[in-house]
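Sharing a structure here in structure tokens format.
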Amino acid sequence: MSIPGNLFPRKLDSPLPVAEKAKGVWIEDTNGRRYLDASGGAVVVNVGHGRDEIARAVYDQILRCHYAHPTMFTTSVVEDLSSALARHTPTGLDRFYFLSGGSEAVETAIKMARQIHLASKRPERIRLISRWKSYHGLTLGALSAMGRTSFRTPYTPLLSEVVHIPPPYCLRCSYGLTYPGCGIRCATALDETIQNVGAETVSAFLAETVSGGTLAAYPPPDEYFSIIRKICDQYNVLLILDEVMCGMGRTGRWFACQHYDVIPDIITLGKGLSGGTLALSAVGVRSIHFETICDGSGIFVHGGTFSHHPVAAAAGLAVINILEREGLVERAAQYGELLGNKLKERLEDLSCVSDIRGIGLMWGVELVENKDTNTPFPRHEKVVERVWDTLFEKGIITYKSTGLAGTDGDALIIAPPFIIKKDEIDFLVDTVGSALEETIG
């Protein structure tokens, strides 16, 4: 097809409507059609669209100081954002390195882990372990760590070596076991893998705290991360938790790891850190590791033109102020429970719905061809794409997840801004139900 204009768009198979304005949980296009943003874009928008406070903070910072290279200056707003995050992170996780996107944060975390080992006189620790069915970004280092096959395959010759283990996905356990009698085999697999590749060669284990885009908002068993933390400590392996999607209040706690009483060595943040207003991400690291780097080479061999950017930091600081003042993290917990209950009430009896799971305002609805056998739809049927199109026509925006069962599998992710109202939840849930009935039956 011919695509007019000069833009290289994200979607190449059909023209997109033009978003004209957005406020609260609603987006309006140039034709006057309104859409309830029930996924916050790609699980990004948390405090809602069109926040005047964020716009003013960004405007004021541009006029005050819009750019100062971070090797030459720090700025008050970047320092303040660091302190604001440290008020909420787990104890000891209180040093922050700011970047522009989630992929960049993951790459930085991987490099940071490597440099921590170098500074600790452990140069042999070169291997990264991550999980299949994970999403960590699309730059080459992050893509190597990612476990989403369809994104990896075209670039296989370019990827670096990363060892992958099965994810905590009880609905389709890689070991054919059933929770809780499984002994959390997906967690103990890390111990086995570390030993198999050589414990002295492993740098870090990277995992999403709550599986996001690839497994459609799938929380791990409660015991999972306590086992993972003990294994990492036993072998002196650093634990990196990717909370680009599930952090910043999305799960009803400031950080998803707080549900599981686990403190990572390194954490990645993004998406909701700026509420989607500006490109902003962060890597948080425990002070003990920060001091290790300072006392070692004294240099973190990394950087970027737009790292520690004061204007992006102003947006992030304004988002944290809103989350705190309006109690939106607590609201995400309260309204997330309401949303989950309503989704289950409306959808769980549908023959095409095999599972409804989630935490806070981050929910997944997995679709299957046969509910009794949990058989997925073949990927070539593009079931979730058709459901998404139906929802979009009805004025509801969700997020698609595919490839949950090998290369097959379909699911919707529902993750609205934290300010969604009860009547909007009712409209959302009822519309999802009718769209599934119309599209699949």
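The values are calculated or read from the model by the stated rules, or taken from the named source; none is laboratory data. Note that the structure is predicted; figures quoted are calculated from it, not measured. Quick reminder, even Gly has a Cβ in these numbers, built from the backbone with ideal geometry, and neighbours come from all protein chains shown.
Against the condition crowded, with 18+ Cβ neighbours inside 10 Å, in the same structural domain as HIS117 (by TED's automatic domain parsing) and among the hydrophobic types (A, V, I, L, M, F, W, C), how does VAL365 come out, does it pass? Show your work before the answer.
On the way: crowded, with 18+ Cβ neighbours inside 10 Å: yes; in the same structural domain as HIS117 (by TED's automatic domain parsing): no; among the hydrophobic types (A, V, I, L, M, F, W, C): yes.
For VAL365, the condition - crowded, with 18+ Cβ neighbours inside 10 Å, in the same structural domain as HIS117 (by TED's automatic domain parsing) and among the hydrophobic types (A, V, I, L, M, F, W, C) - is not met.
So how many residues does the stretch 315-328 have that are under 20 Å from the mean Cα position of the chain (by Cα) and either acidic (Asp, Glu) or more than 23 Å from SER100 (Cα to Cα) (or both)? Write out each step before concluding.
First pass over the stretch 315-328, keeping only residues under 20 Å from the mean Cα position of the chain (by Cα): 315-317, 319-320, 323, 328.
From what is left, the residues that are either acidic (Asp, Glu) or more than 23 Å from SER100 (Cα to Cα) (or both) are 328.
Of the residues in the stretch 315-328, 1 are under 20 Å from the mean Cα position of the chain (by Cα) and either acidic (Asp, Glu) or more than 23 Å from SER100 (Cα to Cα) (or both).
Table: residues versus (1) out of contact with any Pro (no Cβ under 6 Å at 6 or more places or on another chain); (2) outside the structural domain of LEU239 (by TED's automatic domain parsing); (3) closer than 26 Å to THR139 by Cα; (4) of a type in the set (S, T, N, Q).
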position	(1), (2), (3), (4)
ALA57	yes, no, no, no
TYR67	yes, no, yes, no
PRO70	yes, no, yes, no
PHE73	yes, no, no, no
ALA86	yes, no, no, no
ARG95	yes, no, yes, no
ALA105	yes, no, yes, no
THR108	yes, no, yes, yes
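A follow-up question, please. Restricting the search to the stretch 318-362, which residues are in contact with a helix residue (DSSP H, G or I) (Cβ under 6 Å, 6 or more places away or on another chain) and surrounded by fewer than 15 Cβ atoms within 10 Å (Cβ to Cβ)?
none
In addition: For the stretch 307-328, give me each residue that is in a helix (DSSP H, G or I) and in contact with a strand residue (DSSP E or B) (Cβ under 9 Å, 6 or more places away or on another chain). Break it down stepwise before answering.
So in the stretch 307-328, the residues in a helix (DSSP H, G or I) come out as 310-325, 328.
The answer is ALA312, ALA313, GLY316.
When the residues of the stretch 284-300 are filtered to those that are among the aliphatic types (A, V, I, L, M) and at pLDDT 95 or above, which remaining residue is surrounded by the fewest Cβ atoms within 10 Å (Cβ to Cβ)? Before you say what the answer is, go through the steps one by one.
Looking only at the stretch 284-300, we keep the residues that are among the aliphatic types (A, V, I, L, M), and these are 285, 288, 293, 299.
Subset that is at pLDDT 95 or above: 285, 288, 293.
On the way: VAL285: 27, ILE288: 11, ILE293: 20.
Step by step, filter the stretch 284-300, then rank; the result is ILE288.
Restricting to helices (runs of 4 or more DSSP H) lying wholly in the stretch 40-86: which have 3 or more residues that are free of Cβ contacts under 8 Å to residues at least 24 places away in the same chain? Talk me through it step by step, then tell me what you get.
Values: elements: 40-43, 52-65, 76-86.
Where helices (runs of 4 or more DSSP H) fall fully within the stretch 40-86 and carry at least 3 residues being free of Cβ contacts under 8 Å to residues at least 24 places away in the same chain, they are 52-65, 76-86.
So for the stretch 430-441 (the condition being under 24 Å from GLY32 (Cβ atoms), surrounded by 24 or more Cβ atoms within 10 Å (Cβ to Cβ) and over 20 Å from the mean Cα position of the chain (by Cα)), does at least one residue qualify?
Yes, the stretch 430-441 contains a residue that is under 24 Å from GLY32 (Cβ atoms), surrounded by 24 or more Cβ atoms within 10 Å (Cβ to Cβ) and over 20 Å from the mean Cα position of the chain (by Cα).
In the stretch 405-441, what count of residues is obtained for those that are among the aromatic types (Phe, Trp, Tyr) and farther than 27 Å from SER134 by Cβ?
Step one: list which residues in the stretch 405-441 are among the aromatic types (Phe, Trp, Tyr), which gives 418, 427.
From what is left, the residues that are farther than 27 Å from SER134 by Cβ are 427.
The number of residues fulfilling the criteria is 1.
Find the strands (runs of 3 or more DSSP E) located wholly in the stretch 344-406 whose residues include 3 or more that are of a type in the set (Gly, Ala, Ser), more than 16 Å from GLY433 (Cβ to Cβ) and at pLDDT 95 or above, and list them.
Values: elements: 353-358, 363-367, 399-405.
Passing ranges, in order: 399-405.
Right, next: Would you point out which residue out of GLY340, GLY364, GLY403 is under 21 Å from GLY212 (Cα atoms), without any contact (Cβ under 8 Å) to a residue 60 or more places away in the chain and in contact with a Gly (Cβ under 7 Å, 6 or more places away or on another chain)? I'd like the intermediate steps shown before the answer.
Details: GLY364 fails: without any contact (Cβ under 8 Å) to a residue 60 or more places away in the chain; GLY403 fails: without any contact (Cβ under 8 Å) to a residue 60 or more places away in the chain.
Exactly one residue qualifies, and that residue is GLY340.
Of all residues in the stretch 247-281 being crowded, with 24+ Cβ neighbours inside 10 Å and among the aliphatic types (A, V, I, L, M), which is nearest to GLU337 (Cα to Cα)? So that I can check it myself, show each step before the final result.
Step one: filter the stretch 247-281 for residues crowded, with 24+ Cβ neighbours inside 10 Å, giving 247-251, 255-257, 264-276, 280-281.
Subsequent filtering for residues that are among the aliphatic types (A, V, I, L, M) retains 248, 256, 266-267, 269, 273, 280.
Values: MET248: 17, ALA256: 15, ILE266: 29, ILE267: 26, LEU269: 24, LEU273: 23, LEU280: 29 Å.
Ranking the candidates gives ALA256 first.
Check whether at least one residue in the stretch 329-337 is under 29 Å from SER203 (Cβ atoms) and in contact with a strand residue (DSSP E or B) (Cβ under 8 Å, 6 or more places away or on another chain), and report yes or no.
Going residue by residue through the stretch 329-337, those that are under 29 Å from SER203 (Cβ atoms) are none.
No, the stretch 329-337 contains no residue that is under 29 Å from SER203 (Cβ atoms) and in contact with a strand residue (DSSP E or B) (Cβ under 8 Å, 6 or more places away or on another chain).
What are the residues in the stretch 194-223 that are among the hydroxyl-bearing types (Ser, Thr, Tyr) and either buried (at least 19 other Cβ atoms within 10 Å of the Cβ) or not assigned by TED's automatic domain parsing to the domain that holds ASP265 (or both), if any?
Within the stretch 194-223, the subset among the hydroxyl-bearing types (Ser, Thr, Tyr) is 201, 203, 209, 211, 214, 218.
Within the stretch 194-223, SER203, THR209, SER211, THR214, TYR218 qualify.
Would you check if there is a residue in the stretch 95-109 being touching a Ser or Thr at 6+ places or on another chain (Cβ under 8 Å), basic (Lys, Arg), under 17 Å from SER203 (Cβ atoms) and not in a helix (DSSP H, G or I)?
Within the stretch 95-109, none of the residues are touching a Ser or Thr at 6+ places or on another chain (Cβ under 8 Å), basic (Lys, Arg), under 17 Å from SER203 (Cβ atoms) and not in a helix (DSSP H, G or I).
Here is a check on your reading of the model: is LEU159 aliphatic (A, V, I, L, M), within 21 Å of ALA282 (Cα to Cα) and free of Cβ contacts under 8 Å to residues at least 24 places away in the same chain? Step through it out loud before you land on a result.
Values: aliphatic (A, V, I, L, M): yes; within 21 Å of ALA282 (Cα to Cα): no; free of Cβ contacts under 8 Å to residues at least 24 places away in the same chain: yes.
No; evaluated as a whole, the condition is false for this residue.
Continuing with the same structure: Select from the stretch 183-197 the residues that are part of a loop (DSSP other than H, G, I, E, B) and in contact (Cβ under 8 Å) with a residue 12 or more places away in the chain and list them in ascending order.
Going residue by residue through the stretch 183-197, those that are part of a loop (DSSP other than H, G, I, E, B) are 183-184.
The one that is part of a loop (DSSP other than H, G, I, E, B) and in contact (Cβ under 8 Å) with a residue 12 or more places away in the chain: ILE184.
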